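Only one structure is covered here, and it is reproduced in the block below.
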Ligand code: G16
Ligand code: MG
């Protein structure tokens, strides 16, 4: 039966991708090239340093490690500055209501985010209390699509992978969930999230009963 839900942060609970994009675009522009919106899509769910490597490859720029660390630090500083404009109203539609329904049903909730800023952001949008456990970029050694992040979450919550449903907006995140033996619900475009077991466009009107029936019917 369904015992736990694991949530990605960026693109599932809140749209921080827009701020990542602004900050990374400034990084690219400081190096003399631009970063398009489509290119930014490639960075979803990918760690900070891996994202920088992808951006440098786009601009055909090679840098030493020290410079890369410096650029990533400046980017993160700018990203956090941009995030300060977020409020609890920025929680994506239906998320709070869905989490309330999980809470009432006694289903555990955890976070599985590649971000090292996950707690800071959850506090800003006042969502930290919903999540019993947090697995973030500070804890994992292997990024999505490796299942480590979600397997750690299941273990923290003391449930089996097959008792978990993962909510993800990134292809790499859906792959991580599936590789961990969990059900994956994609949040976004079904033509992109083809490996997900089910895709929703928003949490608005998502009924827990539908998930139970889809994946856990006796
Ligand atoms: C998020 C974003 C990625 C970002 C990563 C690391 O992952 O989707 O674009 O690069 O976190 O973020 P930070 O620089 O804050 O450590 P997720 O897994 O929450 O979608
Ligand atoms: Mg995401």
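We did not get these values from a lab; they are worked out from the coordinates using the rules stated. No experiment lies behind these values; they were computed from the predicted model shown. Cβ atoms come from the backbone with ideal geometry, glycine included; neighbour counts cover every protein chain shown.
Tabulated values for the structure
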read-out	value
Whole-angstrom gap from region 98-164 to region 168-218, using each part's C-alpha centre	15
Angle in degrees between helix 95-105 and the longest Cα principal axis of the chain, rounded to the nearest 10	30
For 183, 144, 178, order by how many other beta-carbon atoms lie within 10 Å, fewest first	178, 183, 144
For region 132-174: rounded, prolate or oblate by the Cα gyration tensor [a/c cutoff 1.5]	oblate
Antiparallel content of DSSP bridges confined to the chain, in %, to 5	5
GNM result for the chain, Cα springs below 10 Å: residue of 146, 129, 64 fluctuating most strongly	64
Percent of alpha-carbon pairs separated by more than 12 Å within region 76-118	72
Cα gyration tensor shape for region 95-162, rounded if a/c is under 1.5, else prolate or oblate	oblate
Ratio of Rg to Rh over region 1-101 (Cα coordinates, Kirkwood Rh, two decimals)	1.06
Anisotropy class of region 150-218 from Cα gyration tensor, a/c 1.5 cut	oblate
Cα convex hull volume per residue for region 37-161 (Å³)	127
nm² value of the averaged projected area, convex hull over the Cα atoms of the chain	11.5
MRE, 222 nm, helices only [DSSP H, n ≥ 4, -39500 (n - 2.57), over the chain, to nearest 500]	-13000 deg cm²/dmol
Longest to shortest principal axis, alpha-carbon extents of region 108-210, angstrom	31, 27, 24
Residue order, fewest to most surrounding Cβ atoms within 10 angstrom, among 195, 148	195, 148
Candidates 137, 59, 32, ranked by Gaussian network fluctuation over the chain, Cα under 10 Å, top entry	32
Order of 164, 5 under a 10 Å beta carbon neighbour criterion, fewest first	5, 164
Mean separation of Cα contacts under 8 Å (6+ apart) over length of the chain, as relative contact order %	26
